[in-house]
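A quick write-up on the structure given underneath.
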Amino acid sequence: MKSMLLPFTAAIAIAAPAVAQNGDLAQVQRHLSAVSSMTAAFSQTDRNGKVLTGTLTLKKPGKIRFQYEKGVPILIVGDGKALTFIDYSVKQVQRWPIGNTPLSVLINPDKDIGRFAKVVPSADPRVLSVEGYDAKHPEYGRITLVFAREASAPGGLMLQGWVMLDSQGNRTTIRLSDQRFNAPVDDGTFRWNDPRRNSTHS
């Protein structure tokens, strides 16, 4: 997958106490289960330090859209089945099954994070970071979700962003702001225009 899709800070996990691991993972699972939709502003930094901004829209199951700032000819959309990367400048479209991407942890409500994730210890008790990695499929890459502990947020956690690392070692950081949860989102948000034949996909 293109590096711009992929992990905030590179996290080197140190063994955390099992009780803390289990409790924190359970809290992350509660947060993910409590979120049916989300919108947020995002800032994306790639491995070269290039920064792009835009709007993120998420709706479970399986739907996500990264709408980049005006002038950026790129769109990333998950329509419930596939994650599609569209580059309008060269009329190129690439698709992956959503389950083959680290983003599936955010948009698949059936995913049991306890089976493939571990807590990344943090010096700040207000921050909870969790790294997801499928050892059976290293080609899917890794994702480290970064949360702030906030009682008023779903499950007591506010998603701050994530760091994705693809199988080639390319790191991409997404930072979120103005997060809003569980408001209605129209399915039409996840349609996109195919530059190869000027048609609309849903």
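State all residues of segment 139-168 that are within 17 Å of the chain's Cα centre (by Cα), small (G, A, S) and in a loop (DSSP other than H, G, I, E, B); if no residue qualifies, say none.
Of all residues in segment 139-168, those within 17 Å of the chain's Cα centre (by Cα) come to 139-148, 154, 157-167.
Add one more test, that the residue is small (G, A, S), and what stays is 141, 148, 161, 167.
G141, S167 - these are the residues of segment 139-168 that are within 17 Å of the chain's Cα centre (by Cα), small (G, A, S) and in a loop (DSSP other than H, G, I, E, B).
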Residue count for segment 146-189, restricted to those that are among the hydrophobic types (A, V, I, L, M, F, W, C), in contact with a Gly (Cβ under 7 Å, 6 or more places away or on another chain) and over 14 Å from L103 (Cα atoms): 1
Restricting segment 117-136 to residues that are more than 19 Å from A151 (Cα to Cα) and touching a Lys or Arg at 6+ places or on another chain (Cβ under 8 Å), the residue that is surrounded by the most Cβ atoms within 10 Å (Cβ to Cβ): G132
Cross-chain or 6+ apart pairs with Cβ under 9 Å, segment 69-85 first and within 14 Å of T55 (Cβ to Cβ), then among the basic types (K, R) and assigned to a strand (DSSP E or B): L75/R65; I76/R65; V77/K63; V77/R65
Exclusive hit being modelled with pLDDT of 95 or more and either crowded, with 20+ Cβ neighbours inside 10 Å or aliphatic (A, V, I, L, M) (or both), set A40, A82: A40
Pairs with Cβ under 7 Å, 6+ apart, first in segment 28-41 and charged (D, E, K, R), second surrounded by 16 or more Cβ atoms within 10 Å (Cβ to Cβ): R30/G155
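Among the listed residues V146, V120, V72, which satisfies the condition of being among the aliphatic types (A, V, I, L, M), within 21 Å of D24 (Cβ to Cβ) and modelled with pLDDT of 95 or more?
Details: V120 fails: modelled with pLDDT of 95 or more; V72 fails: within 21 Å of D24 (Cβ to Cβ).
Answer to the selection: V146.
Please tell me if L25 is modelled with pLDDT of 90 or more and either assigned to a helix (DSSP H, G or I) or more than 30 Å from R197 (Cα to Cα) (or both). Walk me through it before giving the result.
Numbers: modelled with pLDDT of 90 or more: yes; either assigned to a helix (DSSP H, G or I) or more than 30 Å from R197 (Cα to Cα) (or both): yes.
The answer is yes for L25.
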Qualifying residue in segment 95-115 (condition: of a type outside the set (V, I, T), assigned to a loop (DSSP other than H, G, I, E, B), at positive phi and surrounded by fewer than 16 Cβ atoms within 10 Å (Cβ to Cβ)): no
Odd one out for T173 among (1) at pLDDT below 95; (2) of a type in the set (V, I, T); (3) more than 15 Å from T39 (Cβ to Cβ): (1)
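Is at least one residue of segment 152-161 farther than 25 Å from T53 by Cβ and in contact with a Ser or Thr (Cβ under 9 Å, 6 or more places away or on another chain)? It would help to see each step written out before you state the result.
Filtering segment 152-161 down to residues farther than 25 Å from T53 by Cβ leaves 152, 155-156.
Add one more test, that the residue is in contact with a Ser or Thr (Cβ under 9 Å, 6 or more places away or on another chain), and what stays is 155.
Scanning segment 152-161 turns up at least one residue that is farther than 25 Å from T53 by Cβ and in contact with a Ser or Thr (Cβ under 9 Å, 6 or more places away or on another chain).
What about R171, is it in contact with a Lys or Arg (Cβ under 7 Å, 6 or more places away or on another chain), surrounded by fewer than 18 Cβ atoms within 10 Å (Cβ to Cβ) and not hydrophobic (A, V, I, L, M, F, W, C)?
Values: in contact with a Lys or Arg (Cβ under 7 Å, 6 or more places away or on another chain): yes; surrounded by fewer than 18 Cβ atoms within 10 Å (Cβ to Cβ): no; not hydrophobic (A, V, I, L, M, F, W, C): yes.
Taking the combined requirement at face value, the residue does not satisfy it.
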Selection from segment 126-138 of residues that are outside any strand (DSSP E or B) and either under 22 Å from A34 (Cα atoms) or under 14 Å from the mean Cα position of the chain (by Cα) (or both): R126
Hey, L159 modelled with pLDDT of 95 or more, under 27 Å from R30 (Cα atoms), surrounded by 19 or more Cβ atoms within 10 Å (Cβ to Cβ) and of a type in the set (A, V, I, L, M, F, W, C) or not: yes
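The values are calculated or read from the model by the stated rules, or taken from the named source; none is laboratory data. Model, not experiment: these values are computed from the prediction. A quick note on method: Cβ atoms are made from the backbone with ideal geometry, for glycine too, and the neighbour counts reach across all protein chains shown.
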